[in-house]
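Here the structure comes first, spelled out in structure tokens, and everything after it is commentary.
The values are calculated or read from the model by the stated rules, or taken from the named source; none is laboratory data. Predicted model only: the values in this text are computed from it and were never measured. Please note: Cβ atoms are built from the backbone with ideal geometry, for glycine as well, and neighbour counts cover all protein chains shown.
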Amino acid sequence: MLLEPSEFFLPASSFDFTELDIALTYAGGTNSATVELLSDTPCSDCVTGDSPGAILESWSVTNLPLFSTCCTLQALSGNGTVPLTAGAVYWVEVLPGDTTSVVQWNSNTTGDVGIFEDNHGFGWGGGTSRTLGALAVLGSEEISSPEPGTGVLVSIAGLTLFLKLRSR
């Protein structure tokens, strides 16, 4: 059974997801993998108390660079409709493209250490401290704007006040 690594992240601010940059390399078998962005689900049997949940976005990647190649990122575009909430738990998981695929998620070069859960084919197992894979989750920050009706009401109130003051 092949390893399916996953890593946990918490957005610092809320935003609409647009891109996932991840460093994967190919070591043998079929040169392909599936990468998934997932929600969180509680897991009583997991070391961290959490595990990957529902799939929010998924990509099939092929033609990865050879194992031990440094610093090549795969930029995976999102559809722009997945909002990520500040402080909520999300996961990125890498699955082999098929039963022969051997794909490596390269470690980050900044020394970031964090929470992970891996599926070894018989359930989740993980921990709270290993060097994390190279990963960047990008998006456009959500900007709250008033509903169109609010602008109309403010305009009518302003016009009414202007007309009242002018008539005096």
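General observations
- From the list L56, L20, the lone residue that is farther than 22 Å from R130 by Cα and in contact with a strand residue (DSSP E or B) (Cβ under 9 Å, 6 or more places away or on another chain) is L56.
- Residue within the stretch 67-87 that is surrounded by 18 or more Cβ atoms within 10 Å (Cβ to Cβ), farther than 18 Å from L138 by Cβ and touching a residue at least 24 places away in the same chain (Cβ under 8 Å) present: no
- E93 meets the conditions (1) among the acidic types (D, E); (2) at pLDDT below 85; (3) surrounded by 10 or more Cβ atoms within 10 Å (Cβ to Cβ); (4) within 22 Å of S13 (Cα to Cα) in every case but one. The failed one is (2).
- Filtered residues of the stretch 46-104 (kept if of a type in the set (S, T, Y) and within 26 Å of A27 (Cα to Cα)): S58, S60, T62, S68, T69, T72, S77, T99, T100, S101
- Hits in the stretch 1-36 (condition: at pLDDT 90 or above, buried (at least 17 other Cβ atoms within 10 Å of the Cβ) and not in a loop (DSSP other than H, G, I, E, B)): F15, F17, L20, I22, L24, T25, Y26, S32, A33, T34, V35, E36
- Criterion (assigned to a strand (DSSP E or B), at pLDDT below 95 and within 21 Å of D16 (Cα to Cα)) met by exactly one of S58, S39, S51: S39
- Residues in the stretch 112-148 that are of a type in the set (G, A, S), modelled with pLDDT under 85 and either exposed (fewer than 13 other Cβ atoms within 10 Å of the Cβ) or touching a helix residue (DSSP H, G or I) at 6+ places or on another chain (Cβ under 7 Å) (or both): G121, G123, S129, S144, S145.
- Taking the criterion of being in contact with a Phe, Trp or Tyr (Cβ under 9 Å, 6 or more places away or on another chain) and part of a strand (DSSP E or B), the residues of the stretch 63-79 that qualify are L66, Q74, L76, S77, G78, N79.
- Residue in the stretch 45-65 that is surrounded by 13 or more Cβ atoms within 10 Å (Cβ to Cβ), closer than 14 Å to A136 by Cα and not charged (D, E, K, R) present: no
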